[in-house]
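Quick notes on the structure that follows.
The values are calculated or read from the model by the stated rules, or taken from the named source; none is laboratory data. Everything quoted here is computed from the prediction, not taken from an experiment. Cβ sites come from the backbone with ideal geometry, for glycine too, and all protein chains shown count toward neighbours.
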Amino acid sequence: MAGPAWLWIRESGAEVWAEGARALSDAGFACADVELDVTSDRASLARIEAALRELGARADVDERNLGVIGIGLGGTLALLAGCTSRRVRAVACLQPVLVFEELSASRPFQPIELLLNLDVPLLAVFGGRDGRTTPAHVASFRRQCELGAKHVELVEFADGGLELFGAPNEARRASDAHAALARVLAFAADTFQ
């Protein structure tokens, strides 16, 4: 029987968050991944769309129930895909960059501005120690979501950063990592029940 699936969007050269991917798979979700194109957000979105099309064509996947998930810039592109793709039914962005320092032809829009186009459920997880997304950016993101009456769950870990989603080390707080993983799993289950 075909069921929902998640597409992991990962930064160039990065690996998928193994613990998260394993947990989603164990919960019965099909999973696949795609690597970002470092030269262009537009090219990355085209790659994501192609990967969603391929994932949706699998016999074990219901093409009407596809989610995207990513960490860091992968989370940013998951958010952008949720704002631009008609295939996406849910977005989980973990530590996304919400405001780029500079825009260019290869990075033509601010993620926070495209939020107005989002019409699918969103889980956004932020850590207070992530230098790429400031508390002011998170507060602005929260306001945008509230103004647009978006179906959004924002989770903040004051002492967390990107290490929440990596290999265990001194900086990784196991309790925060487990709490983040629990939120991802609950969001996935609630969204695709």
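Of note:
- Checked against (1) β-branched (Val, Ile, Thr); (2) surrounded by fewer than 17 Cβ atoms within 10 Å (Cβ to Cβ); (3) in contact with a Lys or Arg (Cβ under 6 Å, 6 or more places away or on another chain), residue 34 passes all but a single condition, namely (2).
- Test: residue in the stretch 107-115 that is assigned to a strand (DSSP E or B) and crowded, with 17+ Cβ neighbours inside 10 Å: no
- Scanning the stretch 1-17 for residues that are loosely packed, with under 14 Cβ neighbours inside 10 Å and out of contact with any strand residue (DSSP E or B) (no Cβ under 7 Å at 6 or more places or on another chain) yields 1, 13, 15.
- Counting the residues of the stretch 14-42 that are within 20 Å of residue 83 (Cα to Cα) and β-branched (Val, Ile, Thr) gives 2.
- Residue that is outside any loop (DSSP other than H, G, I, E, B), in contact with a Cys (Cβ under 9 Å, 6 or more places away or on another chain) and either buried (at least 18 other Cβ atoms within 10 Å of the Cβ) or not charged (D, E, K, R) (or both), where the choices are 155, 138, 125: 125
- Test: residue 97 is part of a loop (DSSP other than H, G, I, E, B), closer than 30 Å to residue 146 by Cα, β-branched (Val, Ile, Thr) and under 15 Å from the mean Cα position of the chain (by Cα): yes
- Scanning the stretch 3-41 for residues that are at pLDDT 95 or above, more than 20 Å from residue 111 (Cβ to Cβ) and touching an Asp or Glu at 6+ places or on another chain (Cβ under 7 Å) gives 3, 4, 30.
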